[in-house]
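Written below as structure tokens is the structure these notes are about.
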Amino acid sequence: MTMKRLLAPILNILLVITVAFGLGGCVSTRLPSEVASPWLAMTLDTEANPLDLSFLDDEHGFLVGTNRLILETNDSGATWQKRNLDLPSEENFRLISIDFQGDEGWIAGQPSLVMHTTDAGLNWTRLGLGNKLPGDPYLVTTLGSNSAELATTAGAVYATTDGGETWEGKVIDAEGGIRDLRRSSTGSYVSVSSLGNFFSTLDPGEDVWQPHQRASSKRVQSLGYQPNGELWMLSRGAEIRLNDQPGDTESWQKPIIPITNGYNYLDLAWDPQGGIWAAGGNGTLLVSNDGGDSWKVDPVGDEQPTNLIRIIFSQTTENKPKGFVLGERGHLLRWIG
């Protein structure tokens, strides 16, 4: 009797340990971390959210964001200084898009804001849009001297060749509300509907959006272009999908799910060496160096107390690539390779 009483607690402990290990095997484990990171964490002197940035050359660039945020750098993004735009103080603009070609630059903001510079951002002219454009400005692309293309939250696309004095509609019927919209280097567009239940494409020369069904029952978070021009898709449930067949927007690979029960990814981008980066909520920053087969956690991104909302890699005329991860509340990661 005494021996049985002594063995009972020991057996119970062993049972608990066995069950614990068994349950542990049913739950996905954390991804391994990279030994080193190519990112340097920076904290901008603002509580606003950075939303976009663009460089004129290897050193000189601008960053824009919420709460009228505009910052300028003259050292490739190592330091940033606040700048002011001539806007009414009572209006709280969300500067959502900026793009430069040399000294020629454009800013698109909400509500109903487009600004233009021809002297490298020294002076900016606000253009009066009135009720000309359906939706709010969402994405602006500099095409050349006094020329730009502007896409709106209604999916309308317009072009100007006279510095914004007049705009020519390139899309007959607007797409409707969108949650994400991207433009390729060849002039194609892809957008995600406001509910994420379908996406649409617009090729150069077309004037009507072409709708497409999403790849699964899960709603689309965002969509963009791979370096080869094919599409990538981020869906709810932290799923990543890549186009399966070149030129076929209906054909998708099986979902890539680096972490189950993780935060949704908000952006995807390829670095200059071909690594794939996924950014998302609560400092989520993952990298794959084998085309998406395996993933690791970036140690610098993992330390950031913010949502990482956008990844931008750019290349200037001097062929020196730059990269940034934009985070909420003034957080910024700078690519140091």
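Just so it is clear, none of the values below were taken in a lab; they were calculated from the coordinates. Predicted model only: the values in this text are computed from it and were never measured. Every residue, glycine as well, gets a Cβ built from its backbone with ideal geometry; the counts of neighbours run over all protein chains shown.
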With charges only on Cβ, +1 for K and R and -1 for D and E, what is the dipole size of the chain about its Cα centre, in debye, rounded to 20?
1920 debye
Under-5 Å amide H pairs with Leu266, H placed in peptide plane, nonlocal only
Ala279, Gly280, Gly281
Backbone HN-Hα couplings from phi across the stretch 246-258 [Karplus 6.51/-1.76/1.60, Hz, Gly and Pro as x]
x, x, 10, 6, 9, 10, 10, 5, 4, x, 9, 10, x
Looking at the chain as a GNM with Cα springs under 10 Å, which of Thr186, Thr201, Thr118 has the largest mean-square fluctuation?
Thr186
Is it possible to state the helix-based mean residue ellipticity at 222 nm for the chain, with each DSSP H run of 4+ residues giving -39500 (n - 2.57), the sum divided by total residues, to the nearest 500 deg cm²/dmol? What is it?
-2500 deg cm²/dmol
To the nearest 20 debye, what is the magnitude of the charge dipole of the stretch 85-174 about its Cα centre, counting +1 on the Cβ of each Lys and Arg and -1 on the Cβ of each Asp and Glu?
200 debye
Normalised contact order of the chain, rounded percent, pairs of Cα under 8 Å and 6 or more residues apart
15 percent
As a quick test, which of the pairs Lys296/Lys322; Lys218/Lys320; Lys218/Lys296; Lys82/Lys170 have an alpha carbon distance above 29 angstrom in this structure?
Lys218/Lys320; Lys82/Lys170
For the stretch 85-174 the mean separation of alpha carbon contacts under 8 Å (6+ apart) over residue count, i.e. relative contact order in percent, is 20 percent
Quick check: the distance between the Cα centres of the stretch 94-110 and the stretch 277-309, to the nearest angstrom?
27 Å
If you take every DSSP beta bridge whose two residues both sit in the chain, what share of them, in percent to the nearest 5, is antiparallel?
100 percent
Let me make sure I get this right: for the chain, a, b and c are the square roots of the gyration tensor eigenvalues over alpha carbons, sorted descending. Under 1.5 in a/c it's rounded, otherwise prolate if a/b > b/c, else oblate. Which is it?
prolate
